[in-house]
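First up is the structure itself, then whatever we jot down about it.
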Amino acid sequence: MSAEYMHIGIPVVNKKPGMVYADWGGFWVNESVDEHDYKIEYLKFEDGTIFPEILAKQPHVAYKVDDMTPYLADADRVIFGPYDLGADKLAFIIKDDAIVELYQSGE
């Protein structure tokens, strides 16, 4: 298993400057996660989002993985996904009381 840190996701109540709307998931997100020194992803979820409510209330940590299958099997609970993003996949799990985003690139 190989996981590379991507960002920490922090839910917000009010939109921040520079956020863009991700229509596919019903949420707002800042575009410059990789440009931020601390790799912070701010998220504002709209009513009707495809994501579970817990993501709008608690932060998560995100990792890029080669294969999410072993992480899903090791999770205490899968709370979202795996979700097909075309060539990529996305899932959220709970492990040791923490929310973890798994991002598998199809590169």
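The values are calculated or read from the model by the stated rules, or taken from the named source; none is laboratory data. From a predicted model like this one, the values you see are computed outputs, not experimental measurements. Every residue, glycine as well, gets a Cβ built from its backbone with ideal geometry; the counts of neighbours run over all protein chains shown. What goes into the accessible areas is simple: the full protein's heavy atoms, side chains included, and nothing from ligands, DNA or RNA. Shrake-Rupley method; radii C 1.70, N 1.55, O 1.52, S 1.80 Å.
Report the local net charge at residue 5: Lys and Arg +1, Asp and Glu -1, summed over other residues whose C-beta lies under 13 Å from its C-beta.
Residues close to residue 5 contribute a combined charge of -2.
First obtain the Kirkwood hydrodynamic radius of segment 35-83 from its Cα pairs, then insert it into the Stokes-Einstein equation at 10 °C and 1.306 mPa s, and state the resulting D in µm² per second as a whole number.
Approximately 121 µm²/s, per Stokes-Einstein.
What value, in deg cm²/dmol to 500, does the helix sum -39500 (n - 2.57) over DSSP H runs of n ≥ 4 give at 222 nm once divided by the residues of the chain?
Counting only the DSSP helices, I get -1500 deg cm²/dmol.
Only loop residues by DSSP count here, and only those with at most 14 other Cβ atoms within 10 Å; note down the trypsin sites (Lys or Arg not before Pro) in segment 37-107 that meet that.
Passing both the DSSP loop test and the Cβ count: 57.
Taking θ = phi - 60°, what integer Hz values does the Karplus form 6.51 cos²θ - 1.76 cosθ + 1.60 yield along segment 86-91, in sequence order, with x for Gly and Pro?
x, 7, 9, 10, 9, 8
Please list, in order along segment 39-56, the HN-Hα scalar couplings obtained from phi with the Karplus expression 6.51 cos²θ - 1.76 cosθ + 1.60 (θ = phi - 60°), rounded to whole Hz, x for Gly and Pro.
6, 9, 10, 8, 10, 10, 8, 9, 4, x, 4, 7, 8, x, 4, 4, 5, 7
Determine the per residue accessible area of the chain with all protein chains present and a 1.4 angstrom probe, expressed in square angstrom.
61
What's the magnitude of the charge dipole for segment 1-41 around its Cα centre, counting Lys and Arg as +1 and Asp and Glu as -1 at the beta-carbon? Answer in Debye, nearest 20.
220
Over the chain, what per residue volume does the convex hull of the Cα atoms give, in whole Å³?
106
Protein chains only, probe 1.4 Å: how do 63, 21 rank by accessible area, largest first?
Of 63, 21, the descending order of accessible area is 21, 63.
Checking the table 15/89; 39/64; 16/64; 15/64; 64/89 against a 22 Å threshold on Cα-Cα, which pairs fail?
15/89; 16/64; 15/64
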